[in-house]
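Below you'll find the structure, written out as structure tokens, and then a few comments.
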Amino acid sequence: MSKARDVVVLVGSLRKDSLNRKMANALEALAPPELKLEIVEIGQLPFYNQDLEAEAAPPAWKDFRQRVARADAVLFVTPEYNRSVPAVLKNAIDVGSRPYGRSVWNAKPGAIVSVSPGAIAAFGANHHLRQSLTFLNILAMQQPEAYIGGADKLFDADGTLVNEDSQKFLQSFMQAFSAWIANFLENSPGVQG
């Protein structure tokens, strides 16, 4: 492989001191060199409304769709809100799935990391997101699964992941994701790798 795989990272939390953003940054640092991760901001996307497509889609939608379309893969890092994904993440998914028949998600490999200070580690959000990804034809990595609980104790004051066990696990997760992407892109007809 001559160049690193382009992976867009969508963070489902907009909070300034977000554990999910800290985790996304940690995943970028732990990723193998064959992956290039970039957090793509989603907080500025207007809520999806089909009426806005009638004349010209909002520029933020166009930019987002173009960026995701260029990517080789997508990594979702999400908290759990009321046993589901946050509205900002669901909106980004909806924006990328339209107009009908031109979804930027189609046939992309993906993965999910759910992050929470709680013990169940955003399990509900992780699985609810998987339902949407199945419909959108994003091929989400099944194993290893990444449910990161107690996340408020994993980072130092600067936002650096300091828990060694978590570092080892997440590094192996990113190695598996890299292999998942490579296997998909190398074995899927019509998909450029």
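Miscellaneous remarks
- Listed values for the range 168-175 are Karplus-derived 3J(HN,Hα) couplings in whole Hz (6.51 cos²θ - 1.76 cosθ + 1.60, θ = phi - 60°), namely 4, 4, 5, 5, 5, 4, 5, 5, and x replaces Gly and Pro.
- Selected from G159, G118, N137, residue furthest toward positive end of dipole (the range 114-179; charges at beta carbon): N137
- Restricting the range 15-122 to chymotrypsin sites (Phe, Trp or Tyr not before Pro) that sit in a DSSP loop and have at most 12 other Cβ atoms within 10 Å of their own Cβ leaves F47, Y100.
- The H on the amide N of R5, modeled in the peptide plane, is under 5 Å from the matching H of L35, K36, each at least 5 residues off or on a different chain.
- Calculated from backbone phi, Karplus (6.51, -1.76, 1.60) coupling profile of the range 123-130 in Hz, x at Gly/Pro: 4, x, 5, 4, 6, 5, 4, 4
- The stretch between E41 and A179, if pulled fully straight at 0.36 nm per residue, gains 47.1 nm over its current Cα-Cα span.
- Note: the chain, Cα convex hull, 118 Å³ per residue.
- Around A146: net Lys/Arg minus Asp/Glu count, Cβ-Cβ under 14 Å: -1
Any read-out appearing in this document is the output of simple, stated calculations on the displayed coordinates, not a laboratory observation. Computed from a predicted structure; not experimentally measured. Cβ sites come from the backbone with ideal geometry, for glycine too, and all protein chains shown count toward neighbours.
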